[in-house]
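Inspection log for the structure reproduced underneath, given as structure tokens.
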Amino acid sequence: MPLHIVCGPMFSEKSTTLYRAVTRTLRAKKSVRVFVPTMDTRSAGQLKTHSGLSLESLGINPIAVSASSQIYQHLKALDPQPDLVVVDEAQFFDLDLPLWLGKVLHLNIIAAGLDLTSEGHPFGPMGSLLCMADQVEKLTAICQHCGEEATRTSCLVKKNKDVLVGGDNAYVPMCHGCWAVHTP
């Protein structure tokens, strides 16, 4: 599949899905390039799962970029091209991410990110990426309040701007019903 999008709320194991894809690709003795946004400072430029798995343990150092055009520029300069391109935290990239990834759809790309903001709106470029995708994997988490399947993320703290980078100190997964009741 050229463009595979993995999405869902916080704690739905999106990064674990990417980790598994990278592991399988490396086991097949194929090449991987991983890109992360510089604005996500939670893991110091590394792709890490909430259970502590890191690509660093596989010898992979993600390339931190501040603009989606840098992904394209980096890939265009590579010869040979990687067998798999991974984009983590795609929601944090600029709205041009679908444009730049669209120029390299001859490559196998897997991108993961939150599909919705904590307010329930499409998050950054994710809406467009979902429309472009050849395969979509929408994951769920466990609702913090009732234990049902969570499809939303609720923010626990007051946000001063649209995007607040954070983990379990700032966000919890919720089912749609609990989100509607508990989200301001």
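Table for the structure above
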| read-out | value |
| --- | --- |
| Label-point separation in nm, GLN135 to LYS76, each point 7 Å along Cα→Cβ | 2.8 |
| At R0 = 25 Å, FRET efficiency that the Cβ-Cβ distance of CYS146 and ALA170 yields, to 0.05 | 0.75 |
| Candidate residues LEU75, LEU139, LEU95: accessible-area rank, largest first, probe 1.4 Å | LEU95, LEU139, LEU75 |
| GLN144 long-range amide H proximity, modeled H, under 5 Å | MET174, CYS175 |
| The chain, relative contact order in percent, only Cα pairs under 8 angstrom and at least six apart counted | 30 |
| Overall dimensions of the chain by Cα: Rg and Dmax, Å | 16.0, 52 |
| Folded to 0 to 90 degrees: helix 68-77 orientation relative to the chain principal axis, Cα | 20 |
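The values are calculated or read from the model by the stated rules, or taken from the named source; none is laboratory data. Keep in mind that what you see is a predicted model, and the values were worked out from it rather than measured. Cβ atoms come from the backbone with ideal geometry, glycine included; neighbour counts cover every protein chain shown. Surface accessibility is based on the protein's heavy atoms, side chains included, excluding ligands, DNA and RNA. Shrake-Rupley method; radii C 1.70, N 1.55, O 1.52, S 1.80 Å.
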